[in-house]
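Quick notes on the structure that follows.
The values are calculated or read from the model by the stated rules, or taken from the named source; none is laboratory data. Treat the numbers as computed from the prediction; the structure is a model and nothing was measured. All Cβ positions, glycine included, derive from the backbone under ideal geometry; neighbour counts span all protein chains shown. Heads up: the accessible areas ignore ligands, DNA and RNA and are worked out on the full protein's heavy atoms, side chains in. Shrake-Rupley method; radii C 1.70, N 1.55, O 1.52, S 1.80 Å.
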Amino acid sequence: MRIRTTVAAVSGGLVLSALAVPAAQADGGGLHKPTAAERFGVSRAAMSGAADEELPVVSDVKVNGGKSIVFGTTGVKTYTVLLTASHSAGIEDAYVDLWHGKDRAHIDGVFPPNEQTAACTAVSDTTSTCKLTVKVDVSRDLYMNSLAGTWHVTAAAFAKDEAGSVYWNDFYSTHRVQRLSKLTVNAAPEPVKKGKTITVTGKLTRANWETRKYAGYTSQPVKLQFRKKDSNTYTTVKTIKTNNRGDLKTTVKATVDGFFRWSFAGTSTTPAVNAAGDFVDVK
């Protein structure tokens, strides 16, 4: 049977956790995926099973419901991971983590699961969906801004057979980890006479994990949008870029009563955000 243990290595202030399990080569279309045994210097030959051993098949891994994981400057966030796998003998356990780095030898961030054993629910005699939760402490686990972006997803499934067959893939998929964004708006003067000029300002900021504060997101395209008082739909008026402090400023003509807002589409490191609409009364 497989054995789950925790291997700790201190790197950049992080404790990096992983499993030590019986080695098995993941099914990666001919590309060898490193096993836990290989990552920690254990002889693969001493731990591997038969060449024709049936391995579990992982059909799906869903991290945080498929949504990006977004963090501010402080706090603790827990998200859920679901892994679906199958084997003729059934599925006993599963493991999922997120890690950041070029490869497993060069890791600068990792989010391991909270549980030692996943909660697996049988879908059929051969297939189960296993649930794990991951808790992230922003102050401890996110210590530099370069951690924002694409993280690797490790997926492992453990069969109920006597051989303890294991599927293990450190590069099963990827997932986004992002810095929380904020966006403000102010349209003035208000009220304003029809045909007069309105100045619309705002600021786009995002979490800085190194200073634990929010800082301006510079040189980013942001849309100025407007919706009439009796409408539910915003339309884009123009697009401008934030300055070197994340500030926004432009002018428009007053025509009818309505709401102005700024809208940011987001980037790989920073999620999309809309400012709350600011109402302008046109006389």
So the check is Cβ under 8 Å with 6+ separation or different chains; which pairs have a first residue in the stretch 210-239 that's part of a loop (DSSP other than H, G, I, E, B) and a second one that's of a type in the set (Asp, Glu)? Lys229/Asp257
Residues of the stretch 240-260 satisfying the condition of being out of contact with any Ser or Thr (no Cβ under 7 Å at 6 or more places or on another chain), surrounded by 18 or more Cβ atoms within 10 Å (Cβ to Cβ) and not in a loop (DSSP other than H, G, I, E, B): Gly258, Phe259, Phe260
Count of the stretch 186-208 residues which are crowded, with 22+ Cβ neighbours inside 10 Å and among the hydrophobic types (A, V, I, L, M, F, W, C): 4
Are there any pairs with C-beta distances below 9 angstrom linking a residue in the stretch 55-73 that is closer than 19 Å to Asp141 by Cβ and open to solvent by less than 70 Å² (accessible area, probe 1.4 Å) to a residue that is among the acidic types (Asp, Glu) and not in a strand (DSSP E or B), with the two at least 6 apart or on different chains, and if so which? Phe71/Asp141
Conditions: (1) small (Gly, Ala, Ser); (2) loosely packed, with under 13 Cβ neighbours inside 10 Å; (3) closer than 18 Å to Val96 by Cβ. Ala157 meets all but one. Number of the miss? (2)
Which numbered condition trips up Thr117, out of (1) under 13 Å from Asp60 (Cα atoms); (2) surrounded by fewer than 19 Cβ atoms within 10 Å (Cβ to Cβ)? (1)
Identify, from the list Ser268, Ser263, the residue that is closer than 25 Å to Lys67 by Cα and assigned to a loop (DSSP other than H, G, I, E, B). Ser268
Residue match in the stretch 58-73 (condition: closer than 23 Å to Thr267 by Cα, among the small types (Gly, Ala, Ser), touching a strand residue (DSSP E or B) at 6+ places or on another chain (Cβ under 7 Å) and part of a strand (DSSP E or B)): no
